[in-house]
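Q: First the structure, which I've put down as structure tokens, then a few questions once you've had a look.
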Amino acid sequence: MATTRTTAEQRSLTFLQIAIALQTLAIFFQAVTAGLLLSSSHGEVLHSVGARVMYGASMLYVLAAILAWRPGGGAPRPILYASGFLVLASAQVVLGIAHVPSIHVPLGVLMFGLSLLALGRALSARSPKRSDG
């Protein structure tokens with residue numbers, strides 16, 4: 001039974017790691033396409049599509065954090081982090097639509113840094129070893 005639980009915990013942790021990595025890559029893609037906005041007619045379309053992917057990745061991060069937590073199982077802190085990212089992603093979308101680059105751009109940089117930190121934390125996490133005796 002302990003082996004099954006450990007395998008399930010590892011699967012949840014792996015899903016959380018993948019969700020954070022996807023979010024981090026989506027935010028990085030947004031930075032690249034923001035640069036393309038200045039030099040290419042395709043930049044706006046790519047940035048718009050990337051915004052949807054980034055927002056979806058943030059929602060996936062929340063789902064992965066909830067599944068990794070499992071009531072009574074892991075720490076709820078990743079849910080707080082994931083929810084915070086979803087709030088930041090929502091603000092980014094609103095600021096982007098409103099064309100407020102003076103806040104939109106620095107917030108994007110902050111989000112990328114925070115996402116990298118969350119990814120580093122998730123990748124360095126180890127499943128706690130439990131003894132049944």
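Q: What is the calculated FRET efficiency for Arg77 to Ser41, with r their C-beta to C-beta distance and R₀ = 41 Å, to the nearest 0.05?
A: Details: r = 43 Å, r/R0 = 1.06.
Calculated value: 0.40.
Q: Follow-up. Treat each spin label as a single point 7 Å out from the Cα along the C-beta direction, and report the Val93 to Ile18 distance in nm.
A: It works out to 2.3 nm between the two label points.
Q: Residue by residue, what Karplus-based ³J(HN,Hα) values in Hz, rounded to whole numbers, does segment 52-60 have, using 6.51, -1.76 and 1.60 with θ = phi - 60° and x for Gly and Pro?
A: 5, 5, 4, 5, x, 5, 5, 5, 4
Q: Quick one: length gained pulling Ser48 to Leu25 fully straight, 0.36 nm per residue minus the C-alpha distance?
A: So the extension gain works out to 6.8 nm.
Q: Here's another thing I want to ask about it. Of the listed peptides 39-46, 62-69, what is their order by residue-averaged count of other C-beta atoms within 10 Å, with the highest listed first?
A: Working: 39-46: 12.1, 62-69: 20.0.
Per-residue mean Cβ counts within 10 Å order the peptides as 62-69, 39-46.
Q: Given a Förster radius of 25 Å and the C-beta distance between Val100 and Met59 as r, what FRET efficiency does 1/(1 + (r/R0)^6) yield to the nearest 0.05?
A: Numbers: r = 23 Å, r/R0 = 0.92.
Calculated value: 0.65.
Q: Moving on. What are the ³J(HN,Hα) couplings of segment 99-108, residue after residue, when phi is run through the Karplus curve with 6.51, -1.76, 1.60 and θ = phi - 60°? Round to Hz, x for glycine and proline.
A: Computed from phi, the couplings for segment 99-108 are 6, 10, x, 5, 10, 4, 5, x, 5, x Hz.
Each value in this text was obtained by applying a stated rule to the coordinates, not by laboratory testing. Since the model is a prediction, treat every value here as computed from it, not as a measurement. Please note: Cβ atoms are built from the backbone with ideal geometry, for glycine as well, and neighbour counts cover all protein chains shown.
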